[in-house]
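J.: The following block contains the structure, expressed as structure tokens.
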């Protein structure tokens, strides 16, 4: 009895202090297919993607991936450059970093860069590194042995922001930037080490556009790709514009000059017969597409390799072309449809997510494409996803609401207030609410109702239903609006402290938590409380809010990562802790207590484990059936010393704190000798059946080793936590 009481006290302490004794395991799910830039360095092909860095062996096809977990500053890569000494330089929205094959070096504004948003990098023959950055007035800097030096209009550079850089064989630096009025930003410039020469491109490309890519032909010409129709060539002091005669309005992305005086351009148009790769020999244009062997017609970048092979980075991998007939694809197996995650929805063990190119599903074991695949509707930007009580999946897209029942699709748009569905919510009666520009729509399964009064010129960003059935609508300009089925009420900036409400969550006490552009706002039904960076919040721009089962409030910010609020203090997480990106778009809480983060660079999952010391390890699994749930528990031990005479005591804690011992109070699950081992050995396998009557919430298995027949605890208590959200799911 003494041992039972001692264990009960220990377990109660463990339950109450669990949040203080947690460690988080991060898992990231990404798609490396969207290639933004390519470069050769050290005999390897390096590919920058919107989810990290991939190194390819061009002969064998073997690959290695690098993310922030390995030392990368930011997983969203904008540009790459190779130095003569083999060092790889990487540009990101968070700064620049270099990699010599073993060590990483980081450069940010703290080190002297004029901006962390790196658009372009090139390296001169003497090792000088040039950076083009996203900053008006000071867009160019260089790094050499003497340090970092910046260049601006005071130095003679008229381009306000630099998007492209290239080094010519004579050492001249070519610069591409904004194209506007001649006296302000002329679009292109060159630098001979002493003097800048500026070039007005407004007569060749549309004002307000920019030069996004530059390539220097070894034979003399310099090629410029603006984000407008055609391409520009500079040779012998003269400018000329070129485009296919069949389509003078075509836009290009990426440029690489070949050794035979031809030039390769990429195009990523989704229009049939436009996308793909274009070769221009000075007279004729030749187009190559997926019909010829290209892995995707959406081409973001081009590269001519040292051996003359042509490399093309696309939205679906990399293609290599020998220039004659042979094509080869290099790609990483996909997990996600794409990396820009706009929304998440958890139902039971399933995770449904939406992206800018479709949607997908994770069933707890496997990832699959729901929208965007060959046999499903064309990939669309999915702004929100929900799963109805009957299992139907709903997708809010820029082209209406789409319902998928597992077999067929149905599209709704004529009865919506707006074609573009920004957000959705499932009401307590199973009906659905849709938000967009100018109001909200309600669908009860048969009839549609529109509500537009008071929402003119306003976007509905989010919808949440509280425990009383009151509907909460977060707006783009007017704060938050509520509807109880009869009356509408608005709480504006003067009350909540912000005009822009991006997310709303409701906790177990029916307290509302609002993510706004000016902080996290709490409403308990009478008082409004705002939390900001001064209180420890990582950023005031709160894009996503979710409530965990243990009551923690998770806040995702637009650019600075995640904050967790336990009611007293904030704990912050960024890329350096394991997130794929600091740009958080949505958050969802899983059935097992894990937290899912939809980011700009993929999906991150944080599973916080109770860590209560050595001695016993608990591994859990579950099998779901139509009327009950089996929670399986494998208990093992680590005993690297001599044989030990032990009693193994186990218990299950219910959501209300009730503790049930197994097989019975005062009776150990196992009593005997544990042989000395250097690795975990199994002791017992338990099956516990949870029927629909069991309460939902947080459960926890506890196990402890005692000296046989004594109350002496050997090591510490071990625990495995999980959450029951829905019986049989």
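The values are calculated or read from the model by the stated rules, or taken from the named source; none is laboratory data. Computed from a predicted structure; not experimentally measured. All Cβ positions, glycine included, derive from the backbone under ideal geometry; neighbour counts span all protein chains shown.
J.: Answer yes or no: is there a residue in the stretch 597-605 that is more than 22 Å from residue 359 (Cβ to Cβ), crowded, with 23+ Cβ neighbours inside 10 Å and in contact with a strand residue (DSSP E or B) (Cβ under 9 Å, 6 or more places away or on another chain).
T.: From the stretch 597-605, those more than 22 Å from residue 359 (Cβ to Cβ) are none; that's our starting set.
For the stretch 597-605, residues more than 22 Å from residue 359 (Cβ to Cβ), crowded, with 23+ Cβ neighbours inside 10 Å and in contact with a strand residue (DSSP E or B) (Cβ under 9 Å, 6 or more places away or on another chain): absent.
J.: For the stretch 65-167, which fully contained strands (runs of 3 or more DSSP E) count at least 2 residues that are in contact (Cβ under 8 Å) with a residue 40 or more places away in the chain and buried (at least 24 other Cβ atoms within 10 Å of the Cβ)?
T.: Values: elements: 79-82, 88-92, 95-99, 104-107, 118-123, 129-133, 140-144, 147-151, 162-167.
Strands (runs of 3 or more DSSP E) meeting the threshold: 79-82, 88-92, 118-123, 129-133, 162-167.
J.: Which of the residues belonging to the stretch 441-469 are farther than 25 Å from residue 390 by Cα and over 25 Å from the mean Cα position of the chain (by Cα)?
T.: Selection gives 451, 452, 453, 454, 455, 456, 457, 458.
J.: Of all residues in the stretch 476-495, how many are under 29 Å from the mean Cα position of the chain (by Cα) and surrounded by fewer than 22 Cβ atoms within 10 Å (Cβ to Cβ)? Break it down stepwise before answering.
T.: Narrowing the stretch 476-495 to residues under 29 Å from the mean Cα position of the chain (by Cα): 476-480.
If we keep only those that are surrounded by fewer than 22 Cβ atoms within 10 Å (Cβ to Cβ) as well, we get 476-478.
So the answer is 3.
J.: Another one. Within the stretch 653-694, can you find the residues that are part of a strand (DSSP E or B), modelled with pLDDT under 60 and surrounded by 13 or more Cβ atoms within 10 Å (Cβ to Cβ)?
T.: Just the residues of the stretch 653-694 that are part of a strand (DSSP E or B), to begin with: 653, 659-662, 664, 667, 670-674, 681-690.
Applying the additional criterion that residues be modelled with pLDDT under 60 yields 681-690.
Within the stretch 653-694, 681, 683, 684, 686, 688, 690 meet the criteria.
J.: Turning to a different aspect of this structure: Quick check: is even one residue across the stretch 223-244 under 22 Å from residue 306 (Cα atoms), at pLDDT 90 or above and within 33 Å of the chain's Cα centre (by Cα)? Break it down stepwise before answering.
T.: So in the stretch 223-244, the residues under 22 Å from residue 306 (Cα atoms) come out as 223-224.
Okay, now just the ones that are also at pLDDT 90 or above, so 223-224.
In the following step, the residues that additionally are within 33 Å of the chain's Cα centre (by Cα) were identified as 224.
Yes, the stretch 223-244 contains at least one residue that is under 22 Å from residue 306 (Cα atoms), at pLDDT 90 or above and within 33 Å of the chain's Cα centre (by Cα).
J.: Checking the condition on the phi > 0 side of the Ramachandran plot and either in the same structural domain as residue 457 (by TED's automatic domain parsing) or free of Cβ contacts under 8 Å to residues at least 40 places away in the same chain (or both), which residue from 572, 510 passes? It would help to see each step written out before you state the result.
T.: Working: 572 fails: on the phi > 0 side of the Ramachandran plot.
Every option except 510 fails the conditions.
J.: Conditions: (1) touching a residue at least 60 places away in the same chain (Cβ under 8 Å); (2) more than 30 Å from residue 123 (Cβ to Cβ). Residue 246 meets all but one. Number of the miss?
T.: (1) is the only condition that residue 246 fails.
J.: Limited to the stretch 227-258, what total is found for residues that are out of contact with any strand residue (DSSP E or B) (no Cβ under 7 Å at 6 or more places or on another chain) and closer than 22 Å to residue 168 by Cβ?
T.: Here the count works out to 4.
J.: Let me spell it out: the conditions are (1) touching a strand residue (DSSP E or B) at 6+ places or on another chain (Cβ under 8 Å); (2) surrounded by fewer than 20 Cβ atoms within 10 Å (Cβ to Cβ), and residue 407 meets all of them except one. Which number is the exception?
T.: (1)
J.: With respect to residue 345, is the statement that it is touching a residue at least 60 places away in the same chain (Cβ under 8 Å) and farther than 20 Å from residue 32 by Cβ true? I'd like the intermediate steps shown before the answer.
T.: Numbers: touching a residue at least 60 places away in the same chain (Cβ under 8 Å): yes; farther than 20 Å from residue 32 by Cβ: yes.
When the stated conditions are applied, residue 345 passes them.
J.: I need the strands (runs of 3 or more DSSP E) fully contained in the stretch 254-366, keeping only those with at least 2 residues that are crowded, with 22+ Cβ neighbours inside 10 Å. Break it down stepwise before answering.
T.: Values: elements: 263-267, 276-280, 285-288, 299-304, 310-314, 317-321, 327-330, 341-347, 350-355, 358-362.
So the answer is 263-267, 276-280, 299-304, 310-314, 317-321, 341-347, 350-355, 358-362.
J.: Those residues that are farther than 17 Å from residue 502 by Cβ and either touching a helix residue (DSSP H, G or I) at 6+ places or on another chain (Cβ under 9 Å) or buried (at least 17 other Cβ atoms within 10 Å of the Cβ) (or both), I need them from the stretch 443-462; list them, please. Break it down stepwise before answering.
T.: Start the filter on the stretch 443-462 by keeping residues that are farther than 17 Å from residue 502 by Cβ, which leaves 443-454, 456-457.
Listed by number, the residues that qualify are 443, 451.
J.: Do you know which residues across the stretch 49-62 are farther than 17 Å from residue 86 by Cβ and modelled with pLDDT of 90 or more?
T.: Applying the first criterion (farther than 17 Å from residue 86 by Cβ) to the stretch 49-62 yields 49-52, 54, 59-62.
Passing the criteria: 49, 50, 51, 52, 54.
J.: Right, another one. Being outside any strand (DSSP E or B) and more than 30 Å from residue 117 (Cα to Cα): is that true of residue 489 here?
T.: On the way: outside any strand (DSSP E or B): no; more than 30 Å from residue 117 (Cα to Cα): yes.
Against the criterion (outside any strand (DSSP E or B) and more than 30 Å from residue 117 (Cα to Cα)), residue 489 does not qualify.
J.: Let me ask you something else. Would you call residue 438 more than 30 Å from the chain's Cα centre (by Cα) and in contact (Cβ under 8 Å) with a residue 12 or more places away in the chain? Spell out the reasoning first.
T.: Working: more than 30 Å from the chain's Cα centre (by Cα): no; in contact (Cβ under 8 Å) with a residue 12 or more places away in the chain: yes.
When the stated conditions are applied, residue 438 does not pass them.
J.: Okay, moving on. Residues that are more than 26 Å from residue 277 (Cα to Cα): find the strands (runs of 3 or more DSSP E) completely inside the stretch 192-234 holding 2 or more of those. Talk me through it step by step, then tell me what you get.
T.: Details: elements: 196-200, 211-216, 222-226.
Strands (runs of 3 or more DSSP E) meeting the threshold: 196-200.
J.: Applying the selection to the stretch 698-712, what residues are in contact with a helix residue (DSSP H, G or I) (Cβ under 7 Å, 6 or more places away or on another chain) and over 30 Å from residue 591 (Cα atoms)?
T.: Within the stretch 698-712, 706, 711 qualify.
J.: Then there is this: So if I check each of 524, 552, which one is in contact (Cβ under 8 Å) with a residue 60 or more places away in the chain and over 20 Å from the mean Cα position of the chain (by Cα)? Write out each step before concluding.
T.: Numbers: 524 fails: in contact (Cβ under 8 Å) with a residue 60 or more places away in the chain.
Answer to the selection: 552.
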